[in-house]
1. For the chain, which whole percent of the accessible surface, found with a 1.4 angstrom probe, sits on carbon and sulfur atoms?
2. Hey, quick one: spin label on Ser344, modelled 7 Å out along Cα-Cβ, who in segment 248-288 has an amide N within reach, i.e. under 19 Å?
3. In vacuo Debye scattering of segment 125-172, one point per C-alpha: log10 I(q)/I(0) at q = 0.18, 0.30, 0.32 Å⁻¹?
4. About its Cα centre, how strong a charge dipole does the chain have in debye, to the nearest 20, once Lys and Arg get +1 and Asp and Glu get -1 at the Cβ?
5. Of Gly104, Thr209, Thr378, which is farthest on the positive side of the dipole of the chain, counting Cα position, with +1 on Lys and Arg Cβ, -1 on Asp and Glu Cβ, and the Cα centre as origin?
6. Which of the lysines could a cross-linker bridge to Lys407, judged by Cα under 30 Å and excluding same-chain residues fewer than eight apart?
7. Hey, can you find the accessible area per residue of the chain for me, probe 1.4 Å, expressed in square angstrom?
8. For the chain, what is the percent of antiparallel DSSP beta bridges, rounded to the nearest 5?
Amino acid sequence: MPAQRPDGSIDFKLAKSMQGLDGYFKLLTWPITKDANGQICKTTTQVEKDTYNPEAGIENLDAKEVEHRMQTAWTIDTAFYRYSVNPPQAPTINSIDGTGLGSGGAVWADSLTPTISGTCQPAVDPQTPNRVTLFGENPAKPISANNPDESDNRGFAIGTVACVPNDARNPDKGGTWSIRDDNTAYPSKGVNTNMGRRRYHAWITEHSTGYNLTSGFSNLATARFAAQNEAAPVVQAITVPHTRKGVLPAGSAVRVEGTARPTYLAGNDTNLSDSRLEVFMVQSSSGAETSLGTSGEHDFSTSTPSGGSSPVGHIVIEPVTEGHVWHWKIDINPLVFLNAFDGSPGSEQYTFGARLVNPAGKPSDDARKDQMVDMTPTDPGIIGADWQTVSGRAVMKGTETVDANAKVTVTWPSNPAGRTSDTVMSGADGAWAVLLPSGIEPGEVSVTVVDSNGNQSEPYKQYLDVAPPLDGLPLAGAPKHTTLLLVFSLVLLVALTCAWLRRRREFTPSAS
């Protein structure tokens, strides 16, 4: 157009004088459509070409072609109306390694090559599916939470995969995608590392129009890498209460305590969990592991409830004062052990253990400590208390199991010797015996036992009759004929002795 200036403006006075143009002028523009990489979009049909990249200009064309180009051009009042193309809907990241994203969008990953999965908008035509591209954050150019669609911080392209179409071949997977980060898209100093983190986001590209239009970015998802096992914790001590006068003191509990040094802690990611501490025990006679409690750093407490007879206790972790060292303890109701005691030695022998399980589910080695849990007092098993001894056979109360090396104390009634008590140790068969002090008076004796583990029995009472039985005295209670026979024998012995002495004198010669 001769009246059009180099800058694109029009000299209408010149147009009228040179071309005789007068009246209504219509300003036309022709769009040029480019893809995300700045390349002019290719078109495959005339309709697409006329819409997105039509031929420009109307000079030196016949009337029909001029009319066609005017129809494909944009005008001031129709430009945005004519070129109304909706980009595809952004995909969504739902999980990392099968673990759903929490409210904070972060999960623990148990490997350095996690699989990121989500949902997407399938293409109408399965032959030209929409494709999802996953990006991993470049730490040198972090993703901006306020402007995640900024091209400069999109990150490293990890891979592209088709959005699974909705058709009969994919009845349960339509509208989904999954891409594995094989940890090769990053520079050598920027790869995924244990205890590190990586943020991911994705977009989808449509391929049905031929212009490869991309969506905005998806939500952000963060993987925190827990790729190694925790170090084993330490079981430092087991404290077992013991009976006093046959009963446990009020508030008694079996306490297990130790330390742990976890590596994986949630920190500011409040939707994530720490490594968890698991405390357990194994009864020797059964061999079965029983959980005593599970806890993490967020379970700080100042109380130690022992609960009822349930084996599950409450782990108390003292506030961390030295690095990430946990000082933990757990109190267990004694009924747990008393109810499991069946009289056999193995039912009182336990192994207490602890392990640290990292947030991705990998357990440490077990820490273990053996402990006898004996809270059963001993029954002295008094057999007799007579004019010579007090004796018995020590057994665990309520059982027939002998208690060797138990300390048996007998407390006497008053006696001239002033002895108040005597103590002996039970033998390997549980048997024990104490001789009476001389001159002891009849009365009540008290017997208590302290077993080798420190359990004290209640006092056992027994009446002591110090008079010897009549049947035990000479001739007392013997039949009459027996007594006569004995007397006759004694008389006969005396008579014979006298006769022998007399006869000896008769035959002895006198001295001359």
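1. Of the solvent-accessible surface of the chain, carbon and sulfur hold 53 percent.
2. Those under the cut-off are 281-288.
3. Debye curve over Cα of segment 125-172, log10 I(q)/I(0) at q = 0.18, 0.30, 0.32 Å⁻¹: -0.66, -1.08, -1.15.
4. Working: 41 positive and 54 negative charges, 257 e Å.
So the dipole magnitude of the chain works out to roughly 1240 debye.
5. Looking along the dipole axis, the top candidate is Thr378.
6. Lys245, Lys369, Lys397, Lys461
7. Working: 28870 Å² over 512 residues.
Normalised by residue count, the accessible surface of the chain is 56 Å².
8. Details: 98 of 102 bridges.
Restricted to the chain, the bridges split so that about 95 percent are antiparallel.
The values are calculated or read from the model by the stated rules, or taken from the named source; none is laboratory data. As the structure is a computational prediction, the values presented were derived from the model and not from experiment. Heads up, the Cβs are rebuilt from the backbone with ideal geometry, glycines too, and the neighbour counts pull from every protein chain shown. The protein model used for the area step is the full one, side chains on, heavy atoms only, and it has no ligands, DNA or RNA in it. Shrake-Rupley method; radii C 1.70, N 1.55, O 1.52, S 1.80 Å.
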